[in-house]
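Here's the structure we're looking at; comments come further down.
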Amino acid sequence: MKVYTKTGDKGTTSLIGGTRVPKFHIRVEAYGTVDELISYIGLIRSQKIDLNIIEILHLIQIKLMDIAAIIASDEKAKKLRQITEDDINIIEKEIDGYSAELEPLKYFVLPGGHSIPAFCHIARCICRRAERMILRVNDEISIPENVMIYINRLSDYFFVLARKLHKNLGVQEIFWIPDK
């Protein structure tokens, strides 16, 4: 099977189910941003970090593929795997576990200090952009509520993961302290 199909040469692509849309369509932008996040998580997973974190990140990539498929599916597509409350609970449990190890925040965190936590902050930003785009798609078609919750929680996860990795690596976090 060839990688190229030539069907997109005129600027359109197919949703799952067959509907053709312009490549700049908000659904394509949304699932493309989710794909960008999946790729960035792959970069984080390839770093020398705790194996349990690598396993959670792999699970997150799988769930994000499910979300991309949901966004990319038209009404003719077959039923896809959905995001469940259990999926959300896994992320919340990780956030709570990491947070219990960290000092409470007094100031905003500036990304930097070490590349691995900085990668997590980039993933957080991509996740927030994906969330904004998915909200726009939700104006066009109904996106399941658990997708919205999962994506929102996931950006929090990457923020707390960055903080945890700073601690694990023994690197001081950098704070933005506004003038008094």
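Summary of computed values
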quantity: Cα-based Rg of region 19-176 normalised by 2.2 N^0.38 Å, two decimals; calculated: 1.08
quantity: Gap separating the Cα centres of region 60-92 and region 128-157, nearest whole Å; calculated: 11
quantity: Karplus (6.51, -1.76, 1.60) ³J(HN,Hα), θ = phi - 60°, over region 156-163, in Hz, Gly and Pro reported as x; calculated: 5, 4, 5, 5, 5, 4, 4, 5
quantity: Amide H partners (placed H, <5 Å) of LEU110, local residues excluded; calculated: ILE174, PHE175, TRP176
quantity: In region 1-79, chymotrypsin sites (Phe, Trp or Tyr not before Pro) in a DSSP loop with at most 11 other beta-carbon atoms within 10 Å; calculated: TYR4, PHE24
quantity: Backbone HN-Hα couplings from phi across region 121-134 [Karplus 6.51/-1.76/1.60, Hz, Gly and Pro as x]; calculated: 5, 5, 4, 4, 5, 5, 4, 5, 5, 4, 4, 4, 5, 5
quantity: Extended-chain gain in nm, criterion 0.36 nm per residue less alpha-carbon gap, CYS125 and ILE141; calculated: 3.3 nm
quantity: Amide hydrogen neighbours beyond the local backbone of THR12, cut-off 5 Å, H modeled; calculated: LYS23
quantity: Trypsin sites (Lys or Arg not before Pro) lying in DSSP loop within region 14-72, provided at most 15 other Cβ fall within 10 Å; calculated: LYS23, LYS48
quantity: Difference of contour (0.36 nm per residue) and Cα-Cα distance, ALA77 to ASN52; calculated: 5.5 nm
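Laboratory data are not the source of any read-out in this text; all were calculated from the coordinates shown. Treat the numbers as computed from the prediction; the structure is a model and nothing was measured. All Cβ positions, glycine included, derive from the backbone under ideal geometry; neighbour counts span all protein chains shown.
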